[in-house]
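Everything on this sheet refers to the single structure shown next.
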Amino acid sequence: MSDTDLTALIAGRRSIRRYRADPVTSEVVQRLVRAASAAPSAHNRQPWRFIALTEATAKERLARAMGARLAADRTRDGDDPEAIRRDVERSFARITGAPVVILVALTIGEMDAYPDAKRREAEYLMAVQSTAMATQNLLLAAHAEGLGACWLCAPLFCPDTVRGALDLATDLQPQGLVTLGYPAQPGKERPRKALDDILLVAEVAR
Ligand SMILES: Cc1cc2nc3c(=O)[nH]c(=O)nc-3n(C[C@H](O)[C@H](O)[C@H](O)COP(=O)(O)O)c2cc1C
């Protein structure tokens with residue numbers, strides 16, 4: 001692939017939230033996770049883990065548990081019950097409507113251990129950064145395969161619920177969900193900030 005192809009691939013990726021029912025094969029999922037694992041990682045520890053959910057029962061169990069937790073949290077916030085019901089329904093449909101759902105998690109177990117909180121937090125952040133880089137690889141590889149995908153942040157708000165629903169080991173820290181499938185509709189182009197707003201040139205006094 002030329003640099004131009006890669007640039008076009010990166011620019012053409014969109015978050016896709018609705019999928020056709022066509023199955024995504026396990027070979028495709030394996031290719032995506034292989035692409036994810038090509039990402040750089042701090043100390044090359046590869047702290048990412050990807051838990052693929054393809055069975056309807058697993059997706060429903062996760063969606064139901066997360067929905068109950070969302071409803072409990074929003075009820076505690078004093079939100080409108082009808083708005084909560086719609087939110088829970090939407091979340092359930094998004095998770096169960098995707099042919100494949102990949103839970104993105106990290107494990108801190110193989111990262112460096114420090115006695116002080118400041119360095120422990122830096123190490124944790126490195127694991128998060130590495131896992132996010134791997135997930136971007138996965139999203140781009142999915143796009144290259146003609147698949148649509150979208151990262152959902154919800155597991156970050158209820159890691160214990162996610163671990164419980166999927167019987168995950170306690171050292172796995174849920175970071176997000178990637179829903180995946182062949183697109184039912186093209187994604188919308190979302191605006192990006194102007195280059196001048198994000199590319200800053202340091203002006204150092206001579
Ligand atoms: C960390 C992270 C969390 C996200 N969480 C959600 C989410 O919970 N629900 C959702 O629909 N999209 C979510 N997205 C997708 C963003 O909304 C999307 O990437 C952004 O609007 C830009 O659109 P694009 O991906 O089509 O370029 C998330 C993306 C990232 C990187």
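Structural remarks
- Probe 1.4 Å, accessible area per residue of the chain, Å²: 61 Å²
- Summary of the geometry: the stretch 159-206 and the stretch 62-91, compared by the centres of their Cα atoms, lie 22 Å apart.
- Amide H contacts of Ile16 (H built 1.01 Å from N, under 5 Å, at least 5 apart or other chain): Ala149, Cys150
- Karplus-derived 3J(HN,Hα), 6.51/-1.76/1.60, for each residue of the stretch 38-43, Hz, glycine and proline x: 7, 5, x, 8, 4, 6
- If the chain linking Ala169 and Ile198 were pulled fully straight, counting 0.36 nm for each residue of separation and taking away their Cα-Cα distance, it would gain 6.5 nm.
- Kirkwood estimate for the stretch 37-104, i.e. one over the average of 1/r between Cα atoms, Å: 13.9 Å
- Sorting Arg192, Arg163 by solvent-accessible area of protein heavy atoms yields Arg192, Arg163, largest first, with a 1.4 Å probe.
- Computed 3J(HN,Hα) for the stretch 54-64, one whole-Hz value per residue from the Karplus formula 6.51 cos²θ - 1.76 cosθ + 1.60 where θ = phi - 60°, is 10, 6, 4, 5, 5, 5, 5, 4, 5, 4, 5, glycine and proline marked x.
- Here's the thing: no lysines lie within a cross-link span of Lys59, going by alpha-carbon distance under 24 Å and ignoring same-chain residues fewer than 8 apart.
- In a fully extended conformation the segment linking Arg86 and Phe157 would gain 23.7 nm over its present Cα-Cα distance, using 0.36 nm per residue.
- Quotient of C-alpha Rg and 2.2 N^0.38 Å, computed over the chain: 1.13
- The string of couplings for the stretch 160-167 from the Karplus curve (6.51, -1.76, 1.60, θ = phi - 60°) is 5, 4, 5, 4, x, 5, 10, 6 Hz, one whole number per residue in order, with x for Gly and Pro.
- Relative contact order for the chain: 35 percent, from Cα pairs under 8 Å spaced at least 6 residues apart, divided by residue count.
- Solvent-accessible surface (1.4 angstrom probe) belonging to Met133, in square angstrom, nearest 10: 100 Å²
- Note on the stretch 61-135: Cα Rg divided by 2.2 N^0.38 Å, N the number of residues, gives 1.53.
- Computed log₁₀ I(q)/I(0) - Debye formula, equal Cα scatterers, no solvent, the stretch 126-206, q 0.12, 0.13, 0.16, 0.19 Å⁻¹: -0.56, -0.64, -0.85, -1.02
- About its Cα centre, the chain has a charge dipole of approximately 360 debye under the convention of +1 per Lys or Arg Cβ and -1 per Asp or Glu Cβ, with nothing else charged.
The values are calculated or read from the model by the stated rules, or taken from the named source; none is laboratory data. Bear in mind the structure is a predicted one, so any value in this text is a computation, not a measurement. All Cβ positions, even for glycine, are placed from backbone atoms using ideal geometry, and neighbour counts span all protein chains on display. SASA here: full protein model, heavy atoms, side chains in, ligands and nucleic acids out. Shrake-Rupley method; radii C 1.70, N 1.55, O 1.52, S 1.80 Å.
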